[in-house]
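All remarks here apply to the structure that follows.
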Amino acid sequence: MKNLSRLFANTNAAGWLALTAIVLLMGWIEIAAPSGFDFADLSGGVITMDTMVRIAILTVVLVGLNLVMGYAGQVSLGHAAFYGIGAYVSAIFTARGHSLFGVSQSVMASWQWPWFVMFAGMAFSTTLAYVIGKPILRLRGHYLAMATLGLGIMVYILFRENMGVQGDHITGSYDGVSGIPRLRVGEFEIWPISRYYFFAWLVALGVMALGMNLINSRTGRALRAVHGSEVAAQAMGVDVAAYKARVFALGAALASLGGSMYAHFQAAVSPSPFSFGGSLELVVMSSVGGLASIWGAPFGVTIILFLKEFLRSRLRVLLSGASGEHEIIFYGLLLIVIMIFLPEGIVIGAMKRWKAWQARGRKETALSEGGKA
Amino acid sequence: MTGDQSPMLSVCGVYKEFGGLMAVNGVSFNIPAGKVTALIGPNGAGKTTLFNLVTGHHSVTRGEIRFGGGRIDGLAPHEIAAKGIVRTFQNLQIFGNMTALENVMVGLHLQGRSGMLAASLRLKSARMEEEEFHAKARDYLERVNLLSRADEDAGSLPYGEQRRLEIARALAAKPRLLLLDEPAAGLSHPETIALDDLICKLRDDGLTILLVEHDMDLVMGVADKVVVLQYGTKIAEGTPAEVQADANVIQAYLGSDWQAGDA
């Protein structure tokens, strides 16, 4: 317990308490439904257990992306690729491991197998990101953006185009892979959704804690130094290329973990969430929450997902004939507004405004008191 | 005057070509240990290029650079830093996204061991290192009189304080050879005097310093040895007094009225 408290020691205790309380409270309300209270009904279908699980999963992914983009300053427009790799590795090996690769039925049926696959997927994503990252991360700015964009599109096409082996197909084209089993620990199944909700948030809060510890450490400072000035970081002995590749690999590992969690949540995966649009959505979430902010991750995801659900359910009412594609317009507008008014994202931007407002309040009181004297 | 002991750094016949332009043209000189060596010359003489060659930010076209007996040309900047050559920058390279204290803590990077895993899990080793780094970084800030600014955003500090912060950050990296690239640029007169004192104090502590500087008062006051470059070529080398008396230097660079002390 002491060790556990130390894990969270580096971070804003009030923030942790608040977030944990919200998670527990919403979970309890959803399960117990005191006096018939129901988020989904009240919010017109915007706040659902389903959405809240997605927020947890994407928070895991975004913490990784924020480390790569916000802290280390390396643009990644292909992050959904690693999210997708995690999802597809979990999907393929837990749903079709026997028929495709001859994994024995008893292994497939064991509760450890999906967990093993999840970690194997993370290891694979990490390695892939590291190997690809070494050459790509030499590029800067627009060139890096283009290279990661290309990577994302290639991986997406691999998902979509089936990767045929011996007449059988692996990724299932547009249909994807279904029949993914639920996660279990021994006999305890992490399902129905209320159980999965607590599991997903446990992982998300843990990942946030790890991220916050990391940024306030030797490694984290080296990463931020790379963002601040590459030449100065080098001059202080920071192996810039190695740190970039490492943080890219870490971002990929977390994306892959999120992907696996997504696969076991949905019980089916299809290629579309891992397309360029998926990567773009991650970047929008990250910018809205605040790129250089671990707290920004859950905020950014929440805002975008609620907005998305809201648009999905209301857009047709507001604009007849509007399709899902019209969400993109709102993302664009939102991004522009955020960039103009809160370029550091909602969390950091709001904190700075708050501090400035407080400071002004102090100054005014000081002035008025000075006037009295 | 320099052959009394083995040099800390020797630059031997170094050339640097940028697309047909010879920015550094066969320059050789030694930096004696425990002394302040100044590199001077008009704008475009190749001083900063030479600096970048020593620190590995540029690669040498031809020639050798030796440090403590081993060749360092061809090494990456972070490897050269690990050997003990640490620099500041003419156009400030402060980490504006961090506090002053954190900037100095990046300077301590090479003295740390803890990696990603230990840091994320806040293992005991990482926590102890972190405490030690905090204390050390505060010491270095104190040395340049910036302790009161420790928790402020480095990017919002005034210019002169950012210059001092760069020096604190460089000192934190425990240099054997400290390269200062125009440390007085943009400083007020009192700030320059304080810098002068700081450099002398560091030299008295046994640090070897290479200084690129335009401020002649500063150079002549603190340097034990002066190397003069013009158009990428060394035109004079010696004590400040010798260089001041050198006909080439007077004619080519300092100007005839320099000895009157106007420059």
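The values are calculated or read from the model by the stated rules, or taken from the named source; none is laboratory data. Bear in mind that the values here come from a model prediction, so they are computed numbers and not experimental data. FYI the Cβ positions are ideal-geometry reconstructions off the backbone, even for glycines, and counts take in every protein chain you see.
Out of the residues in region B:87-104 that are at the interface with chain A (Cβ under 7 Å from one of its Cβ atoms) and assigned to a loop (DSSP other than H, G, I, E, B), state the one that is modelled with the lowest pLDDT. So, considering only residues that are at the interface with chain A (Cβ under 7 Å from one of its Cβ atoms) and assigned to a loop (DSSP other than H, G, I, E, B), the one modelled with the lowest pLDDT is B:ASN97. Residues in region B:175-197 that are within 22 Å of B:THR48 (Cα to Cα) and aliphatic (A, V, I, L, M): B:LEU177, B:LEU178, B:LEU179, B:LEU180, B:ALA184, B:ALA185, B:LEU187, B:LEU195. The condition (being at positive phi, touching a residue at least 40 places away in the same chain (Cβ under 8 Å), more than 7 Å from every other protein chain (Cβ to nearest Cβ) and not in a helix (DSSP H, G or I)) is satisfied by just one residue among B:GLY63, B:GLY74: B:GLY63.
When restricted to residues that are assigned to a helix (DSSP H, G or I), facing chain B (nearest Cβ under 8 Å) and either of a type outside the set (Lys, Arg) or touching a residue at least 40 places away in the same chain (Cβ under 8 Å) (or both), region A:217-236 contains 12.
Restricting attention to region A:237-289 and to residues that are more than 18 Å from A:SER125 (Cβ to Cβ), within 14 Å of chain B (Cβ to nearest Cβ) and in contact (Cβ under 8 Å) with a residue 60 or more places away in the chain, the residue that is surrounded by the most Cβ atoms within 10 Å (Cβ to Cβ) turns out to be A:TYR243.
Scanning region B:32-60 for residues that are within 14 Å of another protein chain (Cβ to nearest Cβ) and part of a loop (DSSP other than H, G, I, E, B) returns B:GLY56, B:HIS57, B:HIS58, B:SER59. A:MET339 meets each of the listed conditions (1) more than 30 Å from B:LEU92 (Cβ to Cβ); (2) away from every other protein chain (no Cβ under 14 Å) apart from (1).
Of the residues making up region B:77-86, those that are crowded, with 18+ Cβ neighbours inside 10 Å, among the aliphatic types (A, V, I, L, M) and facing another protein chain (nearest Cβ under 7 Å) are B:ALA81, B:VAL86.
From the residues in region B:186-238 that are closer than 25 Å to B:ARG143 by Cα and β-branched (Val, Ile, Thr), which one is surrounded by the fewest Cβ atoms within 10 Å (Cβ to Cβ)? Result: B:ILE193. Among the residues making up region B:112-129, those that are assigned to a helix (DSSP H, G or I), under 17 Å from A:ALA222 (Cα atoms) and in contact (Cβ under 8 Å) with a residue 12 or more places away in the chain are B:ALA126, B:GLU129.
Would you call B:PHE29 at pLDDT 90 or above, part of a strand (DSSP E or B) and among the aromatic types (Phe, Trp, Tyr)?
In short, yes.
Per the listing A:LEU128, A:LEU214, A:LEU151, A:LEU144, the residue uniquely modelled with pLDDT under 90, under 22 Å from A:ALA241 (Cβ atoms) and either part of a helix (DSSP H, G or I) or not aromatic (Phe, Trp, Tyr) (or both) is A:LEU144.
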